[in-house]
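Laboratory data are not the source of any read-out in this text; all were calculated from the coordinates shown. Values in this document were obtained by computation on a predicted structure and should not be read as measured data. Here the Cβ positions follow ideal geometry from the backbone for every residue, glycine too, while neighbour counts run over all protein chains shown.
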Protein chains: 2
Amino acid sequence: MDKLKRRIIDEGQVLSDDVVRVDSFLNQRIDPDFMVEMANEFGLHFNMNNVSLILTVESSGIALASICAQRYSIPMVFVKKGKSSNMDSELYQCDIFSYTYKKPVTLCVSKYLIAPHDRILIIDDFIANGEVVSGLCKIINMAGATLVGVGCAIEKGFQKGGKWLRDQGIDVKSLAIIEKISSGGIFFKND
Amino acid sequence: MDKLKRRIIDEGQVLSDDVVRVDSFLNQRIDPDFMVEMANEFGLHFNMNNVSLILTVESSGIALASICAQRYSIPMVFVKKGKSSNMDSELYQCDIFSYTYKKPVTLCVSKYLIAPHDRILIIDDFIANGEVVSGLCKIINMAGATLVGVGCAIEKGFQKGGKWLRDQGIDVKSLAIIEKISSGGIFFKND
């Protein structure tokens, strides 16, 4: 998606050779009209009529997932990182390591929110090492539901997540795949 | 908003005399079409042409805020609870006590995401003691921006937050105000 690549180049802040901050339009501030354009791109790749539930994880995936949910009138569930006092006691849980927070986190979702007949599209803002998506896939398996695919805004192609998911036969659509981040610029894989 | 009250009665799970869980349509699973209806209600109360930014806090406010943002083509910023490694070093911060997590949390947002000329509508899922909204108001003050009002889905009218905010002259629109939660049912303030 050329417009996304352009915004990453124009607005992204390179923090290191593996981190680019895109707070200004994706992670902390969202541009809703642009998010609808991203949702449209996912609709060109996935058959949204075949999706009964959009699944994401808190926090930065929720905005994009919500707008995709609204665009296609599909319910959305977000998995929490850690259990809060208000959650149901019947949970699907999966431990992962969060590279963002540099610590282990437990993905949690109330069992009754995912049904065995659900056909699930995972939506997230980033794929890097694939830990989060892998955790979501395990939860989908626990629920006996079906994974339709994974849509993400930005994939870090130099990290293992995207390849690892595709090697398992999972349909992964990333709107921009970054091949390299350096002081000389941000370089993308061609579509 | 009668439809919201009806869903709280039909789908809410009373956990105690001050907590009702509404995971199935507001907090963890979202029904996007219903969220658009909630966004429409906010549009009847607030002049959305006078709003330049929607502000919320992670995580459960993000879905409703995103769909309001999309409904009115207004950018949205969500404030984080705690600093992650990817955040800018120039932050507005405010310490609050989270009743959900039973611990102090620090609200954080990168300074460059809120401008002094911004006219801000706060959107959140719940108002209870008003700690979160109060923290957001302090951040808006730090940024030199203007608060237009506060829109929330469910206000716990038996806790102090809503009254405290209105006593300060803040325009608070809650789509449903719960007066009492008991084993005999959930009782609402009349509109």
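Is segment A:101-117 home to any residue that is in contact (Cβ under 8 Å) with a residue 12 or more places away in the chain, at positive phi and in contact with a Phe, Trp or Tyr (Cβ under 6 Å, 6 or more places away or on another chain)? Within segment A:101-117, not a single residue is in contact (Cβ under 8 Å) with a residue 12 or more places away in the chain, at positive phi and in contact with a Phe, Trp or Tyr (Cβ under 6 Å, 6 or more places away or on another chain). Every listed requirement among (1) within 17 Å of the chain's Cα centre (by Cα); (2) touching a residue at least 12 places away in the same chain (Cβ under 8 Å) is met by B:ARG7 save one, (1).
In segment B:103-150, which residue that is small (Gly, Ala, Ser) and in a helix (DSSP H, G or I) is surrounded by the fewest Cβ atoms within 10 Å (Cβ to Cβ)? Within segment B:103-150, the match that is surrounded by the fewest Cβ atoms within 10 Å (Cβ to Cβ) is B:SER134.
Considering each residue of segment B:104-131, count those that are under 30 Å from B:LYS189 (Cα atoms), within 14 Å of chain A (Cβ to nearest Cβ) and β-branched (Val, Ile, Thr), and give that number.
Qualifying residue count for the region: 2.
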